[in-house]
Amino acid sequence: MTPDLTSLTVHGALALLESKACTAVDLVDALVAAIAARDPELGAYVSLDADGARREAEAADKARAAGTGGRLCGIPVAVKDVLNVRGQPCTCASRILQGYVAPYDATAIARLRAAGAVMLGRTNMDEFAMGGSTENSALKRTRNPRHPDYVPGGSSGGSAAAVAGGVALCALGTDTGGSIRQPAAFCGCVGLKPSYGRVSRYGLTAFASSLDQVGPMTRTVRDAALLQEVLGGVDPMDSTSVAAPVPAYTERLTTDLRGMTLGVPREYVVDGLDAGVERAVRAAIERCRELGARVIEVSLPHTRYAIATYYVIATAEASANLARFDGVRYGQRCADAADPLDLYERTRAAGFGPEVKRRIILGTYVLSSGYYDAYYLSAQKVRTLIRRDFEQAFAQCDALVTPCTPTPAYRFGEKTDDPLQMYLGDIFTVTANLAGICGLSVPCGVAGGLPVGLQILGPAFKEEQILRVGHAYELARGEGWLG
Amino acid sequence: MDHESTDTSGIDVRYVANLARLHLTDAEIDTFQGQLSQIVDYVQTINQLDLTGIAPTSHAHPLENVFRADEVKPSLDRAEVMRNAPQSRDGQFIVPKIVE
């Protein structure tokens, strides 16, 4: 009997495809049916071209039969609605991009296509990737698959919900301050933020150009490793991408952690760290010790300045990146503009949601004359100190293990009135973006019935180290973690 | 710490929104003024640190001079691009008059 195709891992699906137990079209059909049944409630997807996906699946099946298929031949991938896929909408969950149809493929998409993957629909997100709950989407609400009254996290909430909620085998997310890792933690799936410069940002609608990265969201660490092998690599279209060789991550996974040293940063135990989260993370660290890892305490002394630093730098860069949305060349345009200034002001007023407006204003302020030195320049200097913290820590250990978030998922509306409260939830994730290092979130238990993520941080361009820790831990943890 | 004199009277949302080419209603200005003042107070904490002699980081892995040969290569399909234009004619974007 064929298993439920919607519950497969990518590796599981590849095995069935290779043994001809199912076809790529079967996978698409099963997921499209699951989406029809479950997504009206879950809300993970914002658009789905089922016929287009089926056509791509048919082509993949032909390529596989001809022996020309790539490493992901026939695997359906859900795409966060922030990446350009030619011929598809790309709204970034914003009103201002209603009607925009992408005229090109992002490089991350092109790489997946070249490997034979099938594009399966576009997922919900916080508008322009600004948020930690997907509540800032202008399009719809996405629910946490574990409990319908709870947020899925953000900004890649749709991708996380789809993977954890049985309506995608894997997905692409993006991470600027935690937006892959945090929703992965909240929903109970795996999320990898590659090192800055690892995956091309060409075709990714930019939020903060020195912080953004595209990465995989999957059901297992092995799946994330495979997707990362396909996604990574220097790109002439992205001059910030780095020409570091991409290892065969899937071949570097082990069942134990002997010979590895893991660091636990003392500053990552904060007031407000949920007791259930702390328990689950400590148990996970203990499991890593049982797997042969040496565990030491380290210090990242500038951790408490990270949120402030992040919200100065990210909003400053966003204010510049979002200046392009002006009604001139694409997207929505206000009617009857009297002059260009009127065109910009009213188009942007109507097109952007409140969180986006807040961040543009904050970012403009910290860059403005008289304030640049006190805010932006100072933040860039603190960024240097944060990078140094990690360099010093990684001189003593191969990877850091921390909670991914201070709390599990919360209810809708709990933080929407207090933006600063929302921002403080990013405390464990923003440092990786500021330092440009890599980070992985792996489910490690539950707190109050909701998933908890173990975050594993590694030096820049050493994704194999964090994938190794994550995979060995995941195997030892087993499947009963959801309780 | 830098000794440039900075006005610490806080963020003027109306003024900054104008810089950002964002029209805000009075109600929005009111709400944002409160929220953003609180956030600005919070981010001020970075100035508690002694940052003397610390070089700023603009990019995590500073690359320099990432050049390519100056050769013309295919770009985007013009017709496809123009299909996204709110208003266009003859391959040009129509905008309100800029110069009086």
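Where a number appears in this text, it was derived from the coordinates with a stated rule and is not lab data. Not measured: the values here are computed from a predicted model. Cβ placement follows ideal geometry from the backbone for every residue including glycine, while neighbour counts extend to all protein chains displayed.
With 10 angstrom as the radius, rank A:Leu5, A:Leu97, A:Leu457 by how many other C-beta atoms surround their C-beta, starting from the fewest.
A:Leu5, A:Leu97, A:Leu457
Working from the Cα coordinates of region A:9-252, the gyration tensor eigenvalues give, after taking √(5λ), semi-axes of 24, 21, 17 Å in decreasing order.
As a rough guide to protection, the peptides A:9-16, A:440-447 ranked by mean Cβ packing within 10 Å, highest first, stand as A:440-447, A:9-16. Determine, at each q value in 0.25 (inverse angstroms), the log₁₀ of I(q)/I(0) that the Debye formula gives when each Cα of region A:1-74 is one equal point scatterer. At q = 0.25 Å⁻¹ the computed log10 ratios are -1.19. Relative to one another, the C-alpha centroids of region A:48-80 and region A:144-178 are positioned 23 Å apart. Using only side-chain charges placed at the Cβ, +1 for Lys and Arg and -1 for Asp and Glu, the dipole size of region A:253-332 relative to its Cα centre rounds to 180 debye. Using only side-chain charges placed at the Cβ, +1 for Lys and Arg and -1 for Asp and Glu, the dipole size of the protein assembly as shown relative to its Cα centre rounds to 1160 debye. Which percent, to the nearest 5, of DSSP beta bridges fully inside region A:9-252 are antiparallel? Within region A:9-252, antiparallel bridges account for around 70 percent of the total. Binning the C-alpha pair distances of region A:308-373 at 10 Å intervals from 0 yields a P(r) profile of 22, 46, 26, 6, 0 %, listed from the shortest bin outward.
Look at the dipole of chain A built from charges on Cβ: of A:Leu139, A:Tyr150, A:Gly478, the Cα furthest out on the positive end belongs to A:Gly478.
A simple charge model with +1 on the Cβ of Lys and Arg, -1 on the Cβ of Asp and Glu and nothing else charged puts the dipole of chain B at about 620 debye relative to its Cα centre. The phi torsions of region B:53-70, fed into the Karplus equation with coefficients 6.51, -1.76 and 1.60 and a -60° offset, translate into couplings of x, 8, 7, x, 9, 9, 9, 4, 10, x, 9, 10, 6, 7, 10, 9, 5, 6 Hz, rounded to whole numbers, with Gly and Pro shown as x. Sorted fewest first by neighbouring Cβ atoms within 10 angstrom, A:Glu297, A:Glu56 come out as A:Glu297, A:Glu56.
Short to long, the 10 Å bins of the Cα pair-distance histogram for region A:282-340 hold 16, 20, 19, 17, 13, 11, 5 percent of all pairs.
Once you average over the residues of A:308-315, how many Cβ atoms of partner chains fall within 10 Å of each Cβ? Kindly include the intermediate steps, with their values, before the conclusion.
Values: counts 8, 4, 1, 5, 5, 2, 0, 2.
That average works out to 3.
Anisotropy class assigned to region A:126-267 is oblate, per the alpha carbon gyration tensor with a/c at or over the 1.5 cut-off and a/b no larger than b/c. So what's the gap between the Cα centers of region A:431-461 and region A:240-257, to the nearest angstrom? Each part's Cα centre sits 17 Å from the other's. With a Cα cut-off of under 22 Å and a minimum spacing of 8 residues unless on different chains, the lysine pairs in chain A number 8.
The ranking of A:Phe128, A:Phe390 by Cβ neighbour count inside 10 Å, starting from the fewest, reads A:Phe390, A:Phe128.
For chain A, the residue among A:Phe461, A:Thr405, A:Ala168 whose Cα projects farthest onto the positive side of the dipole built from Cβ charges is A:Phe461. Take each residue of peptide B:21-30, count the partner chain Cβ atoms within 10 Å of its Cβ, and average: the result is 5. Could you tell me whether region A:91-189 comes out rounded, prolate or oblate from its Cα gyration tensor? Rule is a ≥ b ≥ c as square roots of the eigenvalues, rounded for a/c under 1.5, then prolate if a/b exceeds b/c, otherwise oblate. Here region A:91-189 falls in the oblate category.
Principal axis analysis of the Cα atoms in region A:244-376 yields extents of 69, 37, 32 Å, listed in decreasing size. In percent, rounded to a whole number, the relative contact order of chain A is 17, using alpha-carbon pairs under 8 Å and six or more apart. What the pair-distance distribution of the protein assembly as shown shows, using all Cα-Cα distances binned every 20 Å from zero, is 22, 57, 21, 1 percent.
Quick one: Debye curve from the alpha-carbon atoms of region A:345-481 only, equal weights, vacuum; give me log10 I(q)/I(0) at q = 0.22 Å⁻¹ to two decimals. Ignoring solvent entirely, the Cα scatterers give -1.27.
So for chain B, what are the equivalent ellipsoid semi-axes in whole Å, largest first, each being the square root of 5 times an eigenvalue of the Cα gyration tensor?
Result for chain B: semi-axes of 39, 29, 13 Å.
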